[in-house]
Structure formats: C-alpha cells, structure tokens
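Enquirer: Got a structure for you, written out below as structure tokens; questions coming shortly.
The values are calculated or read from the model by the stated rules, or taken from the named source; none is laboratory data. Because the structure is predicted, anything quoted here is derived from the model rather than measured. Counting neighbours? That spans all protein chains shown, and the Cβs are built from the backbone with ideal geometry, glycine included. Areas reflect the complete protein model, heavy atoms only, side chains present, ligands, DNA and RNA absent. Shrake-Rupley method; radii C 1.70, N 1.55, O 1.52, S 1.80 Å.
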Amino acid sequence: MVDSGSRQGEDSPVRRYLETLSDLSLRSLWNIVSNPAMLRVKLSSPPNSTSVDAASAVLPDTAREAIEESRLEYLREGIFFADLDKNMIEKRRRRSVNMPWHEFLYIVIRLSRPNVIFETGVFDGQSSSIILQALHRNARGLLVSVDLPAVEVIAGSTHRMGETSLPLGCQPGWAIPQHLRERHRLCLGDSKKLLPDLLRQFPVVDAFFHDSLHTFEHQDFEYRLAWRHLRPGGFLFSDDILWTPAFHKFCREQHRPYLRLGNFGATTK
Ligand SMILES: C[S@@+](CC[C@H](N)C(=O)[O-])C[C@H]1O[C@@H](n2cnc3c(N)ncnc32)[C@H](O)[C@@H]1O
C-alpha cells in the first residue's frame, strides 16, 4: 500500500502539482477553490489502483492468481447481473454500472470471508447487491445497511448522481435481487442516529463501507465510530474520498496507508 503522505517515484513536487492541475475537471477545480485543503489531498493521495492491485495490497497473504480468479468469478456472475439489470431497466431505464471498486469489494469479501459488514448509503442497492452476492457465494455473513431514504435530492450525498432520488414509491435497496435478501438487514434513518446503537448490537465488524452523506463532519464521524468496532485487520472502505479531506486526514492520523480506486478509498486497521 502507498503511504498517504508519500510522493510517488521521482516526481518533483512542482511537476506533480502541474500534472495534477492539468488533470482536474472543472468540478474538481471548483472543489479545490471552495475548499483549499483539497489541493493537499489531491497532491498527496495515492495513485489510482486497479481492483486486482488494490485487493493484493489489502490481502497480502493471498496469492495473486486467487485474486485474479475471484475477479473473473465476479465478471461471470451472469444470473446475478441479469437479475440486477432486470430491476434497473424496469425503474431506471438502464443497466447497472461496473466500477473497478465494485470488483474490488467483491474480491475482498470473497477472499476474506467476513461475518459482519456494515454499509451506510444504499440508494438503489447496487453496492449492497454486490456485497450480498459475495456473501451468498461464501454461504456465510451478514450485511447491515443504513440509509436515509432519498425521497428527494440530498445535498452532500445524491446531488451529483445521475439520478438524485429514489424512483417514486421505492424503498432504498429496491434493486437488490430477491434471493440475496436473507443475509441483509436494512435500517432506515440517519446513520448518525442509528449507527451507535447498531454497533452496540454488533460490537465487532469485519468491514465498514461509508457511502452516505459526504460532508467532512459526517464522514469523520462514521470513520471514527467504525474504527472503534473494526477487528484488527478489518477493512474501512469509503466512496467519494475526494469530496472532502476526511478520509485522507483520518488515515494519516491512524498512521495507516490507503489505496485509491478513483474516488473510492480502502484501508485496513
Ligand atoms: C451515493 S448514494 C449510495 C449509493 C450506493 N452505495 C451504491 O453504490 O449503490 C448515497 C445514499 O446515502 C443516503 N444518505 C444520505 N444522507 C444520509 C445519512 N445522513 N444517513 C444515511 N444515509 C444517508 C442517500 O439517501 C443515498 O441513498
């Protein structure tokens, strides 16, 4: 894993600075102008990883062939994708999307065989479905998800998404294929209110995935609470780590390196 504070290769800081600036989209540029602390994060965050490289880094005792095989297994989950896409096409008029971090989540869950995973931010249920499909293949484990239903757009969370609210009349997780629901416990409400009590019920968790409200304060709250309940070696995952400096800062404080797959971050306790 790459240290969250280190520079890559022999790049000079000035060269890296210029390269970073030239790579920025208008949105990222605005993000930096409105929140200058993000410039430091952009400059010192680790380079983009592939799903296999990232999984190898967080599973150092697992052979790379096993990781590659697990990725292929994910890509070959034909019935799973057909079920998920059937639901998505019906309500969203499109198929599900495939991101490198989806493959990564599947691989890590298949190969680490967790008992309990927490997730905040469900929306249609695509990430929940992938986690549940990996648990289904493992034939063990429970996913506890928390979601404040986006009946309308939620600033700081769904406002940048292609679809900013749930389809009319649908509950969070509506797209999850039926056969995966027995390993799922879905709790509706603000994660800030629900998580403390839920984590008292599950004091030790193997993995925690933040994808709810991406304000600095909310991300920081979830990371800190989750960390106290993660087993040693457990996984902290977060989407949208480039929206605020929270993930980068948290990992530095814990002296934990992290990996980045686009806007998604992963570290181990
Ligand atoms: C980015 S979407 C989640 C996408 C999902 N993880 C996936 O990849 O398929 C963010 C979700 O967080 C929910 N949310 C926003 N604020 C929240 C809060 N305070 N507590 C819990 N969930 C929240 C939104 O309603 C939305 O469903």
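Enquirer: Could you give the nm distance between label points at LEU75 and SER34, where each point is 7 Å from its Cα heading toward the beta carbon?
Expert: For LEU75 paired with SER34, the spin-label model returns 3.8 nm.
Enquirer: I would also like to ask the following. Counting only other residues whose beta carbon sits under 11 Å from that of ILE32, what net charge do I get with K and R as +1, D and E as -1?
Expert: +3
Enquirer: Say the dipole of the chain comes from +1 at the beta carbon of Lys and Arg and -1 at that of Asp and Glu; which of SER49, PRO100, PRO245 then lies farthest toward its positive end?
Expert: The listed residue farthest towards the positive side: PRO245.
Enquirer: Does the chain come out rounded, prolate or oblate by the C-alpha gyration tensor, with a ≥ b ≥ c the root eigenvalues, rounded set by a/c under 1.5 and, if not, prolate when a/b is larger than b/c and oblate if not?
Expert: Judged from the Cα gyration tensor, the chain comes out rounded (a/c under 1.5).
Enquirer: With a 1.4 Å probe and every protein chain kept in, tell me what percent of the accessible surface of the chain is carbon plus sulfur. Show your work: numbers first, answer last.
Expert: On the way: 6810 of 12680 Å².
Answer for the chain: carbon and sulfur cover 54 percent of the accessible area.
Enquirer: Still on this model: Using a 1.4 Å probe, how large is the accessible area of LEU180, given in Å² and rounded to the nearest 10?
Expert: 10 Å²
Enquirer: So how do THR62, THR268 rank on accessible area, 1.4 Å probe, biggest first, that is with the largest at the start? Could the numbers behind the result be given before it?
Expert: Numbers: THR62 40, THR268 15 Å².
My answer, sorted largest first, is THR62, THR268.
Enquirer: Probe 1.4 Å, all protein chains in place: accessible area of HIS159 in Å², nearest 10?
Expert: Counting only protein heavy atoms, the figure is 80 Å².
Enquirer: Could you tell me whether the range 105-156 comes out rounded, prolate or oblate from its Cα gyration tensor? Rule is a ≥ b ≥ c as square roots of the eigenvalues, rounded for a/c under 1.5, then prolate if a/b exceeds b/c, otherwise oblate.
Expert: Prolate, because a/c is 1.5 or more and a/b exceeds b/c.
Enquirer: In percent, what relative contact order does the chain have, based on Cα pairs under 8 Å that are 6 or more apart in sequence?
Expert: Normalised by residue count, the contact order of the chain is 21 percent.
Enquirer: Let me ask something else about it. Calculate the dipole size of the chain relative to its Cα centre from +1 charges on Lys and Arg beta carbons and -1 charges on Asp and Glu beta carbons; express the result in debye to the nearest 20.
Expert: 280 debye
Enquirer: Just to confirm, what accessible area per residue do you get for the range 126-269 at 1.4 Å probe, in whole Å²?
Expert: On a per-residue basis, 41 Å².
Enquirer: Moving on to the next point. Using a 1.4 Å probe on the protein heavy atoms only, what accessible surface does ASP61 show? Give it in Å² to the nearest 10.
Expert: Surface open to solvent at ASP61 totals about 150 Å².
Enquirer: Before rounding to the nearest 500, sum -39500 (n - 2.57) across all DSSP H runs of length at least 4 in the chain and divide by the residue total; then give [θ] at 222 nm in deg cm²/dmol.
Expert: Numbers: 11 runs with 122 residues, N = 269.
Result for the chain: -14000 deg cm²/dmol, rounded to the nearest 500.
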